[in-house]
Amino acid sequence: MRFLLLNNFFTHNKRKLYQVFSFVLVLLLSYLIFKPSGDILSNQDFSQVAYTRDKNVLRITLSKDDKYRLFCHINSTGSLIKEAVLLKEDRYFYYHPGINPVSILRAISETYIRGNVRIGGSTITMQLARLHYGLKTKTILGKLNQMFYALYLELYYSKDDILEAYINLAPCGGNIEGFAAASLIYFEKELWDISLQEALFLSVLPQNPSIYKPKNREIPIELTKARMRLYKIWQDVKDVKPTPEEITHSKMPLNIQYFTPYRAPHFTTSLLNNYKEENRIYTTLDWKLQNLVTRLTKRYVQRKNPLGVENAAVLLVDYENNMEVLASLGSVDFFNHKIQGQVDGTRARRSPGSTLKPLVYALAMDQGIIHPMTMLKDAPTSFSSYAPDNYELDFKGPVKAWEALINSRNVPAVWLGSKIKDPDLYDLIKSLDLADLKHKDHYGLSIVLGSAEFSMRELVSLYGVLANNGVFQKTNDIYISGDYENQASDEHYLSHEASWLVKQILMKNPKPNSHNMLAFGNNYITEKDIHAIGYKTGTSIGFKDCWSIAIFDKYILAVWLGNFNGYGNPIFNGRKLATPLLFEIATNVMSENEKLPDYEMSEEMFWMPPGISEIEVCAASGQLAHPHCKRKLPTYFMPGKSSIQKCDICREIYVNSKTGYRSYEKGIDVHTEVFEFWPTDILKIFRKAGVPRKTPPIYDPNENRENFSQLSKVNEGFAPKIISPMSKTEYLISPGETMFNNLPLKAIVDADVNEIYWFVDEQFIGRSDPQETQFWSLQPGTFQIGVVDDKGRTNSKMVKIGVAMN
């Protein structure tokens, strides 16, 4: 029965039902067709704000249409601004469909029928429609168009979406749009931190922004009156009676700013370019330390300006806390085009000079090549075709490893660079993905002395490996979703022990204007030396750049002085110019920290790792001391890694008391005496420097060697070392140039050698004094060059000789 009734109903109303269905379908399709593709603000460009770690504003940018417009989510605005806006603009916002008929009728009646003061009837949705779609609403047709778009917005968006959009687009005077931007610029506060009176002030601004806009930090009287009227309404609606203090406060003028800061411009420019999708960027920068670094650096450059010093860059990093950048100064004056002030000296790649040497020494310690007291040779040396010299064009002879590092001696560093393997310095840097390195052969050993270019940030990251005991992490500028962009590696690129030893050496480096280096012995730097600063300097070729980089407390501090145009200046010396500024900044940083009640100096860098032991070495050779070593010193080494050989410089020999000659064996009038047996190249440097060295006497030419029972002792000492011809070098004959076709033969020999003998393929070609050079006429082919000293000690090397093509 029911089925028949339904069937009868559909049969007689088929046409009407089809019309209803068609109408619903058209509505649905229209809804889908005209549905917006995104949020109301999805196509709106916003300003960016960069903050310090303690939420101080560093910079507010303009949007693409030159507006200060800062996005703020509806849930982050705070309740005061929402309540004030709804009270001022639209109390029934959450109850009407986008237009308020009562308000519209009242506006028509007051404006057009009674002819009273013109009042508006726009809802928040209608105002948003005008702002968002750029509508002209002065005419009746324009107002109707505004109502249509308001209904359209209400159809597709929630009330909170609409209110959020209005809060972010409301005109607040000049090129300031949105209450978030206005609160930051006018009050230096976030929108959620403003007071009631500040919220009322902001909510009134959009009513007439051109008249209400504060000028020269003064609030127009019209705006103050409008705010006080709204405050009275607020009291009535809330049914609250203000206290006398609140009444007094409400009548006081607000402290208005026009706050559009441009702080740390190099630092913020880079971040804003790299994170364009982030509206708010929370950086690691410490504003107090940033101000300190900026102030001290500018004053220092100003003092040194008469010497031609015009620019500097500084970077301060907290290596204990994820390599956070605490202060970054790209140049002393961002707006000075004369010094190319907009170049960021913390990111521009420059020659690092000698600042990479600590890494070379750390690698050498890890590979068992040296310990701090190892004696290295600072003498003219050729490494194939590369022959480095020192900054002061002098040589010191034998120097202990720790002294060679502190005094930045080039030859010992390059020699170590030639010995370290898998990894060498290039391999280490390449594995860390730092700098834009060319092929290894492009640099050769010169990379040790700064032939590859690095930015200050890259150098600080490398020093971070030392500071963090072998663990690598790039510098961090910002927090992203509560985390850091660059995470620490799981791999140790240097051992804890090698890192600690190098840091101990760097802390022996004397302070500026001091020449008192601390001896490297058992008095290693402890937590008692709370102001210990370990640093290394660098000066590029041509005096274009000077550096000083320090590890102290929990910080790494890098200082650079130079010119971005590449012109050199003899004043640009790392130790003499950069280091005084570094110490001035470092000591002030520590002094400021000591004022903090809960601050504790980091002691981690002072703790000796368990893999370090102490032994006694010869003060002369740096090798394992034996009874013949007259002076001994303690040093630290890494058992199982550090190579410790018995001293071969200090030797006991027989000397005839009457003749003064050396004797082959003990006898009447023969006594024992200890001499230092230095190689001839070192003795030459000693003589040149005016440093007397007592050399061992020669053997008595009349003494018979054949019956000497301990002849083997004669052969103790250094075998000759051929320094010319050079290893891994092909020599070329120039046809017709006979004067250039003689190959110089030269060797370094032990101190007791008086004559050396030269051989080519075992054929004798001549003899010479150890200080003289023997010459041999070149012939094409491959030959074995041999040398024998007068004690029977030998050495040889292969040399290839070709013919130069014309």
Exercise. Mind jotting down the distance between the C-alpha centroids of the stretch 443-493 and the stretch 538-574, whole Å?
Key: 18
Quiz item: How would you classify the stretch 317-371 from its alpha-carbon gyration tensor, with a ≥ b ≥ c the square roots of the eigenvalues: rounded for a/c under 1.5, else prolate if a/b is greater than b/c, otherwise oblate?
Solution: oblate
Quiz prompt | Pairs of lysine residues in the stretch 626-669 - Cα separation under 25 Å, sequence separation of 8 or more or cross-chain | solution = 7
Quiz prompt | Ranking by accessible area, most exposed first, for E277, E673, E616, E164 with a 1.4 Å probe | solution = E277, E616, E673, E164
Quiz item: In percent, what relative contact order does the stretch 544-664 have, based on Cα pairs under 8 Å that are 6 or more apart in sequence?
Solution: 16
Quiz prompt | Rg and Dmax [Cα atoms of the stretch 135-282; Å; Rg one decimal, Dmax integer] | solution = 18.4, 52
Practice problem: Heavy atoms only, probe 1.4 Å: what % of the accessible area of the chain goes to carbon and sulfur, would you let me know? | Solution: 52
Exercise. Could you pull out the pairs from K304/K438; K138/K189; K377/K508; K400/K576 whose alpha carbons sit more than 27 Å apart here?
Key: K304/K438; K138/K189
Practice problem: Report the Stokes-Einstein translational diffusion coefficient (µm² s⁻¹, integer) for the stretch 128-187, Rh taken as the Kirkwood radius over Cα pairs, at 20 °C with viscosity 1.002 mPa s. | Solution: 172
Quiz prompt | Kirkwood hydrodynamic radius (C-alpha pairs) into Stokes-Einstein, the stretch 732-786, 4 °C and 1.567 mPa s, D in µm²/s | solution = 104
Quiz item: Could you state the number of Å between the C-alpha centres of the stretch 327-375 and the stretch 165-180?
Solution: 46
Quiz prompt | Per residue accessible area in Å² of the chain, where ligands, DNA and RNA are left out and the probe is 1.4 Å | solution = 50
Quiz item: Tell me, how many Å apart are the Cα centres for the stretch 603-676 and for the stretch 789-803?
Solution: 30
Practice problem: For L151 and N390, compute 0.36 nm times the residue count separating them, minus their Cα-Cα distance, and round to one decimal in nm. | Solution: 77.9 nm
Quiz item: Once both axes come from the Cα atoms, what is the angle between helix 265-274 and the longest principal axis of the chain, in degrees from 0 to 90, rounded to 10?
Solution: 70
Exercise. Let me know the charge dipole size of the stretch 359-510 about its Cα centre in debye, to the nearest 20, where only the beta-carbon of Lys, Arg (+1) and Asp, Glu (-1) is charged.
Key: 560
Quiz prompt | Reference-scaled alpha-carbon Rg (2.2 N^0.38 Å with N residues) for the stretch 259-385 | solution = 1.44
Quiz item: Which far-off residues, 5 or more places away or on another chain, put their amide H under 5 Å from the one on I723, with H placed in the peptide plane?
Solution: K746, A747, I748
Quiz item: Short version: ³J(HN,Hα) in whole Hz for each residue of the stretch 374-384, in order, from phi by Karplus 6.51 cos²θ - 1.76 cosθ + 1.60 (θ = phi - 60°), x for Gly and Pro, what are they?
Solution: 4, 7, 10, 9, 9, 9, x, 9, 10, 10, 6
Quiz item: Along the charge dipole of the chain, which of Y275, A532, L581 sits closest to the positive end, that is, farthest toward it, with unit charges on the beta carbon of Lys, Arg, Asp and Glu (+1, +1, -1, -1)?
Solution: Y275
Quiz prompt | Expected 222 nm ellipticity per residue - DSSP helices of 4 or more, -39500 (n - 2.57), all of the chain, to 500 | solution = -9500 deg cm²/dmol
Quiz item: Can you list the HN-Hα couplings for the stretch 46-58, worked out from phi with the Karplus curve (6.51, -1.76, 1.60; θ = phi - 60°), rounded to whole Hz and with x for Gly and Pro?
Solution: 10, 6, 10, 10, 10, 10, 7, 5, 9, 6, 6, 7, 8
Quiz item: Each residue of the stretch 420-435 in turn: what ³J(HN,Hα) in whole Hz from Karplus with 6.51, -1.76, 1.60 and θ = phi - 60°, glycine and Pro shown as x?
Solution: 6, 9, 6, x, 9, 4, 4, 4, 4, 5, 5, 5, 8, 6, 10, 6
Practice problem: Taking amide H positions as placed in the peptide plane 1.01 Å from N, state which residues far from K400 in sequence (5 or more) or on other chains have amide H under 5 Å from it. | Solution: L376
Quiz item: How large are Rg and Dmax for the chain when only the alpha carbon atoms are used, in Å?
Solution: 40.7, 149
Quiz item: Do you know the relative contact order of the stretch 185-267, to the nearest whole percent, from alpha carbon pairs under 8 angstrom that are 6+ apart?
Solution: 45
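Could you calculate the contour length gain from R631 to K666, that is, 0.36 nm times the residue separation minus the distance between their Cα atoms, to one decimal place in nm? Mind dumping the intermediate values first?
Working: separation 35, 0.36 × 35 = 12.60 nm, distance 2.51 nm.
Contour length minus the Cα-Cα distance gives 10.1 nm.
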Quiz item: Looking at the stretch 217-271, which trypsin sites (Lys or Arg not before Pro) are in a loop (DSSP not H, G, I, E or B) and have at most 12 other Cβ atoms within 10 Å?
Solution: R217
Quiz item: Considering amide H positions built from the backbone, and no H for Pro or chain starts, which residues 5 or more places from D344, or on another chain, come under 5 Å of its amide H?
Solution: none
Exercise. Quote the relative contact order of the chain in percent (integer), defining contacts as alpha-carbon pairs under 8 Å separated by 6+ residues.
Key: 8
Practice problem: Find out how many positive minus negative residues lie around G611, taking Lys and Arg as positive, Asp and Glu as negative, among other residues whose Cβ is under 13 Å from that of G611. | Solution: -2
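The values are calculated or read from the model by the stated rules, or taken from the named source; none is laboratory data. Owing to the predicted nature of the structure, the values given are computational and were not obtained by experimental measurement. Glycine also receives a Cβ, built like all others from the backbone with ideal geometry; neighbour counts cover every protein chain displayed. Only protein heavy atoms, including side chains, enter the accessible area calculation; ligands, DNA and RNA are left aside. Shrake-Rupley method; radii C 1.70, N 1.55, O 1.52, S 1.80 Å.
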